[in-house]
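The values are calculated or read from the model by the stated rules, or taken from the named source; none is laboratory data. What you see is a predicted model, and the numbers here were worked out from it, not measured in a lab. We place every Cβ from the backbone using ideal geometry, glycine too, and count neighbours over all the protein chains shown.
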Amino acid sequence: MTRLSSAGRGFVTLLAALLTVTAASATARAGTEPKAPADFVALRTVDPTILQEMRYFTPHNFVGERVDGYRQPLCILTRPAAEALHNAQTKLLRQGYTLKVYDCYRPQRAVNHFVRWAQDLDDQAMKREFYPNVDKTRLFEDGYIAEKSGHSRGSTVDLTLVKLPARPTRPYVPGEPLVPCYAPQQERFPDNSVDMGTGFDCFDTLSHTLDPRIQGEQRANRLLLKGTLEELGFANLAEEWWHYTFKPEPYPDTYFDFPVCAKSLDKAF
């Protein structure tokens, strides 16, 4: 059997101690992961009929990979916002439509991921679909990326309308050819949304809800979504047809950072 020198034994002891401290620190961090306040809920517990296509859990978004903090494809909202969406869904179902959400509560760590991505000017992988006409150096100046998001307060949702019966949406395949988000609907990625004139998260002025170039059926679809949600207390962000915030917000000045997963809603802690 090989015997270690006293120096060698000392090194092994030090290494073991460092590993123990590292493991303990990791356990402590895991045990102190932020949790959602009691009035945050999973949307599916309030209305299981609303479709969910949580884009930032997937690589089909402007970053091109799953975004930090999205551990499950789960829509989380404050209860007032979720209940207002349920009321909107009830009205829309009678008209042959369903809501579909793309994003709901968004942790601050996800927003930080967006900021890092925007600062990396060499990463242009998803440009052709999501920002074909915008130079990446202007994403902050033009307001497409910011260091804070209303989504982190828990009452903002990105969503669309789907005509019933809803067709399935095929999975996005990383590396597949990309088509500009403002191309005709039959050419864009085959989202089962009604035609809103652009795809979700399209960094272009055509995404402005009332852009005068959007007419006919596309404008009617935007106005149906807008009118339905505004009657129930939501306010639209004029630059994004898909973006709505329930008012009054329960947490107008708080930006949360708990991860998007069912465990964040576990009240037994």
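Give the residue that is surrounded by the most Cβ atoms within 10 Å (Cβ to Cβ), with candidates limited to residues of region 137-170 that are assigned to a loop (DSSP other than H, G, I, E, B) and charged (D, E, K, R). If we take residues in region 137-170 being assigned to a loop (DSSP other than H, G, I, E, B) and charged (D, E, K, R), then D142 is surrounded by the most Cβ atoms within 10 Å (Cβ to Cβ). Across region 98-129, the qualifying residues are those that are among the basic types (K, R) and under 27 Å from P34 (Cα atoms), and the one among them that is farthest from the chain's Cα centre (by Cα) is R116.
Tell me, which residue of region 159-183 that is of a type in the set (G, A, S) and under 17 Å from E129 (Cα atoms) is nearest to the chain's Cα centre (by Cα)?
Among them, the one singled out is G175.
With respect to the conditions (1) under 19 Å from R222 (Cα atoms); (2) touching a Ser or Thr at 6+ places or on another chain (Cβ under 7 Å); (3) touching a residue at least 60 places away in the same chain (Cβ under 8 Å), Q89 lacks only one, and its number is (3). The test for being under 19 Å from the mean Cα position of the chain (by Cα), aromatic (F, W, Y), in the same structural domain as E141 (by TED's automatic domain parsing) and surrounded by fewer than 17 Cβ atoms within 10 Å (Cβ to Cβ) holds for Y251.
When V115, V134, V173, V179 are screened for being at pLDDT 95 or above, assigned by TED's automatic domain parsing to the domain that holds D195 and in a helix (DSSP H, G or I), only V115 passes.
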